[in-house]
1. State whether the residues of segment 192-210 include one that is surrounded by fewer than 20 Cβ atoms within 10 Å (Cβ to Cβ), aromatic (Phe, Trp, Tyr) and farther than 25 Å from Val367 by Cβ.
2. Is it the case that Leu503 is in a helix (DSSP H, G or I), within 34 Å of the chain's Cα centre (by Cα), in contact (Cβ under 8 Å) with a residue 40 or more places away in the chain and buried (at least 16 other Cβ atoms within 10 Å of the Cβ)?
3. Give all pairs with beta carbons closer than 9 Å in which a residue from segment 64-75 that is without any contact (Cβ under 8 Å) to a residue 40 or more places away in the chain and farther than 11 Å from Ile137 by Cα meets a residue that is aromatic (Phe, Trp, Tyr) and open to solvent by less than 60 Å² (accessible area, probe 1.4 Å); count only pairs at least 6 apart in sequence or on separate chains.
4. Looking at Thr91, is it of a type in the set (S, T, N, Q), open to solvent by 10 Å² or more (accessible area, probe 1.4 Å) and without any contact (Cβ under 8 Å) to a residue 40 or more places away in the chain?
5. Give me the pairs: first residue in segment 39-63 and free of Cβ contacts under 8 Å to residues at least 24 places away in the same chain, second residue open to solvent by less than 40 Å² (accessible area, probe 1.4 Å), beta-carbon distance under 7 Å, and six or more apart or on different chains, which are they?
6. If I ask for residues that are crowded, with 22+ Cβ neighbours inside 10 Å and under 30 Å from Leu383 (Cβ atoms), which ones from segment 444-467 would you list?
7. For Val559, are the conditions met, namely being open to solvent by 10 Å² or more (accessible area, probe 1.4 Å) and either at pLDDT below 95 or out of contact with any strand residue (DSSP E or B) (no Cβ under 9 Å at 6 or more places or on another chain) (or both)?
8. Given the options Ser118, Ser72, name the one that is among the polar types (S, T, N, Q) and either over 14 Å from Ala132 (Cα atoms) or more than 33 Å from the chain's Cα centre (by Cα) (or both).
Amino acid sequence: MSPDRETFERLLMSRLVGAGKIERSAADRALRLKGAGKEPLERIVTRLGLAHERDVTEAMSCELGVALVTASDFPDAPVLEAASARFLRQTQVLPLRETPEAVTLAVSDPLDDYPVRSLALLAGKPVEVRLAAPSDIEAAYERLYGHESNAINQIADGIDVAEDTSSDEDVSRLRDLASEEPVIRLVNQLIARAVESQASDIHVEPFQDRLVVRYRVDGLLRPGATPPTRLRAAIVSRIKIMAKLNIAERRLPQDGRIRIAVRGRDYDLRVATVPTLHGEGVTMRILDHASLVEDFTVLGFTPETLKQYLSLLEQPQGILLVTGPTGSGKTTTLYTSLLRLNTPDKKIFTVEDPIEYQLDGVNQIQVKPQIKLTFAEILRTLLRHNPNIIMIGEMRDFETAQIAIQAALTGHLVLSTLHTNDAASSVTRLLDMKVEDYLVTSTLNGVTAQRLVRRLCESCRRPRRVLPEFLERMTTEAGAATLYEAAGCDACHGSGYRGQVALIEVLPMSDAIRRLVLRHAEAREIQATAIEEGMATMYQDGILKALAGVTTIEEVLRVTRNV
């Protein structure tokens with residue numbers, strides 16, 4: 001016999017605390033928030049990010065003695081077709097299998113027996129109950145019963161908006177609408193879908209006759225839901241309220257930040273709005289704290305490039321640059337570097353615009369040009385605080401570069417980024433910024449350049465036939481080399497790729513390269529010398545990753561064609 005809900009919730013919290021999955025203070029907070037509300041306590045815990053959904057589900061399984069099922073246990077086709085898809089979604093129940101004797105159901109709340117009794121009556125046979133995480137049930141529902149747009153439109157049907165509210169006098173009405181439960185649920189659904197798809201960005205784009213939502217997954221945009229056009233002002237206003245932006249200001253771009261828990265994990269969303277012809281567009285960058293780890297090999301460093309990079313990173317003073325275009329993973333590399341350097345005997349400052357990840361033990365400063373708190377102004381102040389390491393989000397102008405060089409000359413290690421195509425171009429870029437050549441040669445330790453490519457899904461990648469002549473053109477050590485191609489499976493949602501990896505080249509400043517800098521040689525001459533001294537280019541690094549089955553040759557050519 002199942003315990004009553006109040007008893008179960010107290011036992012569940014005790015089990016989670018005892019297992020170290022949640023702090024006692026957080027458990028007490030969740031119990032207070034529960035109060036007399038109808039929302040199950042386990043949903044409150046995961047919604048607030050107090051514990052991970054998987055840990056809560058496992059604890060529920062142990063406490064109730066109900067067998068736990070995972071995504072691999074779900075069927076490939078709908079079971080019990082007489083059941084209403086809308087009912088299954090609303091009750092978070094999914095039939096797993098049907099036999100002449102019984103129906104097996106996956107449920108997210110075993111204490112709610114209403115949907116179980118209803119489906120038993122519909123099937124006309126006994127029901128066996130299994131426990132599953134809500135996210136697994138939701139994902140299986142989408143796969144079996146319909147596209148994401150169906151769920152979005154079901155929510156949108158419950159929102160009563162006669163037309164697109166956009167005039168200034170409707171701001172108060174719009175604020176009320178954006179605070180209503182259906183709009184909140186709709187926006188949370190869009191964000192949850194992006195997180196489950198492992199997207200890095202959410203793009204909300206208004207056009208004349210439609211509102212488009214797209215997700216950037218593994219560097220490429222994919223279409224998402226298409227909410228009704230009449231809701232574009234309500235959706236954008238809800239996002240602006242969450243990001244603490246001014247919903248009445250629609251003429252100027254705004255930047256903000258959202259902290260949200262999805263399935264028990266905390267995420268930061270960097271929000272940027274921009275006025276377009278047909279309304280405000282919104283871009284949200286998803287930042288997952290759990291993805292930031294001190295492991296350079298995960299980023300794409302090979303043992304040889306890692307050895308070169310660490311030799312530059314561990315210099316006591318000087319400048320180390322990480323370069324590449326927007327979205328090439330430069331900031332992630334620098335944050336990973338800071339995690340390695342962040343020890344109790346070092347004082348570290350960062351100057352960023354914006355701050356992407358919050359690092360414990362690192363003094364992070366947000367640039368605010370509107371109050372004249374620029375990169376250059378902050379850097380002048382930081383030198384008085386005697387830091388060991390300074391990270392500059394980007395060297396944007398001569399003034400910032402000049403102060404960074406001054407910091408390097410006075411015994412500080414400076415990490416920063418530049419937007420250039422390759423490592424050699426970064427050296428000439430500094431000269432183009434009017435930095436004196438002798439200062440470049442005396443302060444620059446080295447440059448790392450990188451580009452991101454999609455990583456092949458290991459579950460479905462397959463070897464491909466390649467002409468020997470093609471392999472010979474790629475590498476002189478082809479031998480019995482094999483290339484791979486994307487196939488597509490359930491694990492990668494049919495794309496053939498899962499995640500991204502960086503192609504990297506590391507250019508240390510040698511005496512030969514310093515001589516080239518002093519005579520203002522071109523970037524291609526600097527690169528040729530670096531290659532002679534043993535530098536592996538991004539293209540060569542990509543070829544090795546393609547031969548190792550990490551990515552495809554098409555991906556390598558896509559990002560290195562112009563470098």
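The values are calculated or read from the model by the stated rules, or taken from the named source; none is laboratory data. Small disclaimer: the values here were computed from a predicted structure and weren't measured. We place every Cβ from the backbone using ideal geometry, glycine too, and count neighbours over all the protein chains shown. Just so you know, the surface numbers come from the protein's heavy atoms only, side chains and all, with ligands and any DNA or RNA stripped out. Shrake-Rupley method; radii C 1.70, N 1.55, O 1.52, S 1.80 Å.
1. Scanning segment 192-210 turns up at least one residue that is surrounded by fewer than 20 Cβ atoms within 10 Å (Cβ to Cβ), aromatic (Phe, Trp, Tyr) and farther than 25 Å from Val367 by Cβ.
2. no
3. Every condition considered, no pair remains.
4. The answer is yes for Thr91.
5. Pairs that qualify, where the first residue is free of Cβ contacts under 8 Å to residues at least 24 places away in the same chain and the partner is open to solvent by less than 40 Å² (accessible area, probe 1.4 Å), are Ile44/Ala30; Ile44/Lys34.
6. Residues satisfying the conditions are Leu444, Gly446, Val447, Thr448, Ala449, Gln450.
7. When the stated conditions are applied, Val559 passes them.
8. Being among the polar types (S, T, N, Q) and either over 14 Å from Ala132 (Cα atoms) or more than 33 Å from the chain's Cα centre (by Cα) (or both) holds for just one of Ser118, Ser72, which is Ser118.
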